[in-house]
Amino acid sequence: MKLLPKILLSSLGLSLLACSTPPSEFGVYRQSDGTVGVHAPKTAKDTEAQAAAAEECKKLGKRGATIVESRKTVNDRFPMTYIFRCTSY
């Protein structure tokens with residue numbers, strides 16, 4: 001009878017892992033000058049990159065993100081890099 005609670009607990013843990021949110025396809029990072037960089041995948045749009053940057057800015061206590069720079073990279077997985085400045089408005 002002690003085996004049943006262990007099986008139930010294990011199955012509950014596995015089901016929670018299966019329902020977790022998949023990792024973001026964007027590579028979001030903070031830079032030393034206060035800006036936020038976003039490595040965007042091939043299929044991404046500019047607005048999706050801005051949304052990813054805005055989420056990172058919200059973690060910093062800011063409300064939004066304004067694009068400062070965009071450039072192409074030689075990386076096949078992330079061909080575009082965007083730089084955003086976090087805004088308070």
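The values are calculated or read from the model by the stated rules, or taken from the named source; none is laboratory data. This one's a predicted model, so the numbers in the text were calculated from it and none came from an experiment. All Cβ positions, glycine included, derive from the backbone under ideal geometry; neighbour counts span all protein chains shown.
Residues checked against (1) surrounded by fewer than 10 Cβ atoms within 10 Å (Cβ to Cβ); (2) modelled with pLDDT of 90 or more:
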| position | (1), (2) |
| --- | --- |
| K2 | yes, no |
| K6 | yes, no |
| C19 | yes, no |
| G37 | no, yes |
| K42 | no, no |
| A54 | no, yes |
| R71 | yes, yes |
| F78 | no, no |
| Y82 | no, yes |
- Item | Selection from the range 36-69 of residues that are more than 15 Å from the chain's Cα centre (by Cα) and under 9 Å from F84 (Cα atoms) | T66, I67, V68, E69
- Query: Limited to the range 35-48, what total is found for residues that are assigned to a helix (DSSP H, G or I) and farther than 14 Å from K72 by Cα?
  - Reply: 2
- Task: State all residues of the range 49-84 that are in a strand (DSSP E or B) and touching a residue at least 24 places away in the same chain (Cβ under 8 Å); if no residue qualifies, say none.
- Result: G64, A65, V68, S70, M80, T81, Y82, I83, F84
